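Just below is one structure, and these are the notes that go with it.
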Amino acid sequence: MTQRRVAIIADKPGWHGHCLSQAFATHDIDSCFIALSDCALDLSSSPPRIVLPYFGSALPDGVLVRGVAGGSFEQVTFRLDILHALRECGVPVYNDARAIERTVDKSMTSFLMQRAGISTPPTWVCENREQALHIMQAAFARGEELVLKPLFGSQGNGLIRLQELEDLPNFSGVFYLQTYIPTTLPDAVATEDDDQLYYDWRVFVIGGLSHAIMLRCNQHWVTNRAQGAQCKAAVLDPELAALAEAATRIVGADYAGVDIIRDHAGKLHVLEVNGIPAWQGLQSVCTQDLAQCIVDDFVQRKLVKRARDALSLS
């Protein structure tokens, strides 16, 4: 039997790529790392051909997306085109381009959450500065604050807390404005000398099921690990698990990191759904091997299913 070969999409494999490669090896699957910028489409013949490094004229048995590098609008569009094309050619892609498009764009994530009735902070998106100022005025009149987020941002970069009209920067672009949800560190976690007052949860969903959770705590109101937040072990209760699973299902992701916050009234809200989530911080506070969980699900639901479908057609 020919050894199965998969491509891990990652410009810089790093810790995550190494863990995934080791996990694939437990299934006797050969894996290699590919940057989408090194791929091409040969559209000069029929059928058209997807050109991937290391695979020659063949295609991989499956593709696991660990990262999509940024670039110009054209570059990012083409890189997602490669993932779309792979899926059209019958190659299982985990997460596929559709899920990535829905999660990398915060406005679409919020739209899908609201449309599905999943609780998420009230959000407004516009290009016109006067519209943005009007939204801010109305929020301030209600006694609320807003957070301005980059539409395609990640790791907590570029977030601005808006408490007065003068806080809105003067730029040309999209204003993604989300109601700020104040929090208080749970008594079960806080200690007398704990000055980390801000928190949220990251729930890791794989194959439709919540596998792990952590509490992210910080002295600053931005609670991303990349912004200095501390990762703490937490209990994955049914309410958090169900909300994270519903949010992941709505965006169509195979695996996702769902950020959830609880307001002072006790209600949970989905802040973001990350379609290319990191899990190094989460791994440090949970016992499950998350890379192995991802790969096990990928193999069972994607590769095994593909093999069964091929047998049924033969």
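Here are the numbers for this structure:
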{"item": "Tally, over segment 123-166, of residues that are within 20 Å of THR223 (Cβ to Cβ) and in contact with a Leu (Cβ under 9 Å, 6 or more places away or on another chain)", "result": "14"}
{"item": "In segment 229-239, the residues that are touching a strand residue (DSSP E or B) at 6+ places or on another chain (Cβ under 6 Å) and surrounded by fewer than 21 Cβ atoms within 10 Å (Cβ to Cβ)", "result": "GLN230, CYS231, LYS232, LEU236"}
{"item": "Segment 129-155, subset surrounded by 14 or more Cβ atoms within 10 Å (Cβ to Cβ) and aliphatic (A, V, I, L, M), residue farthest from LEU240 (Cα to Cα)", "result": "ALA132"}
{"item": "Single condition GLN227 does not satisfy, out of (1) out of contact with any Gly (no Cβ under 8 Å at 6 or more places or on another chain); (2) at pLDDT below 90", "result": "(1)"}
{"item": "Subset tally (residues that are among the acidic types (Asp, Glu) and over 21 Å from ARG79 (Cβ atoms)) for segment 11-42", "result": "2"}
{"item": "Identity of the residue in segment 92-128, of a type in the set (Gly, Ala, Ser) and more than 23 Å from ALA242 (Cβ to Cβ), that ends up farthest from the chain's Cα centre (by Cα)", "result": "SER107"}
{"item": "Residue ranges of helices (runs of 4 or more DSSP H) in segment 198-314 with at least 3 members over 21 Å from ARG66 (Cβ atoms)", "result": "238-251, 304-313"}
{"item": "Among residues of segment 50-103, those that are outside any helix (DSSP H, G or I) and under 23 Å from VAL273 (Cβ atoms), counted", "result": "15"}
{"item": "Whichever residue in segment 1-46 is of a type in the set (Asp, Glu) and more than 22 Å from the chain's Cα centre (by Cα) and, among such residues, is farthest from HIS84 (Cα to Cα)", "result": "ASP28"}
{"item": "Subset of segment 242-264 (residues that are surrounded by fewer than 17 Cβ atoms within 10 Å (Cβ to Cβ) and within 23 Å of ASP96 (Cα to Cα))", "result": "ALA242, ARG249"}
{"item": "Residue in segment 125-132 that is in contact with a strand residue (DSSP E or B) (Cβ under 9 Å, 6 or more places away or on another chain), part of a strand (DSSP E or B) and free of Cβ contacts under 8 Å to residues at least 40 places away in the same chain present", "result": "no"}
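So that you can scan it fast, the table gives a plain yes or no per residue for (1) touching a Phe, Trp or Tyr at 6+ places or on another chain (Cβ under 7 Å); (2) in contact (Cβ under 8 Å) with a residue 12 or more places away in the chain; (3) of a type in the set (D, E, K, R):
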site	(1), (2), (3)
ILE8	yes, yes, no
TRP15	no, yes, no
ASP28	no, yes, yes
PHE55	no, yes, no
LEU59	no, yes, no
ARG66	no, yes, yes
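The values are calculated or read from the model by the stated rules, or taken from the named source; none is laboratory data. Given the structure is predicted, the values throughout are model-derived calculations rather than measurements. With ideal geometry, Cβ positions are generated from the backbone for all residues, glycine too; neighbour counts draw on all protein chains shown.
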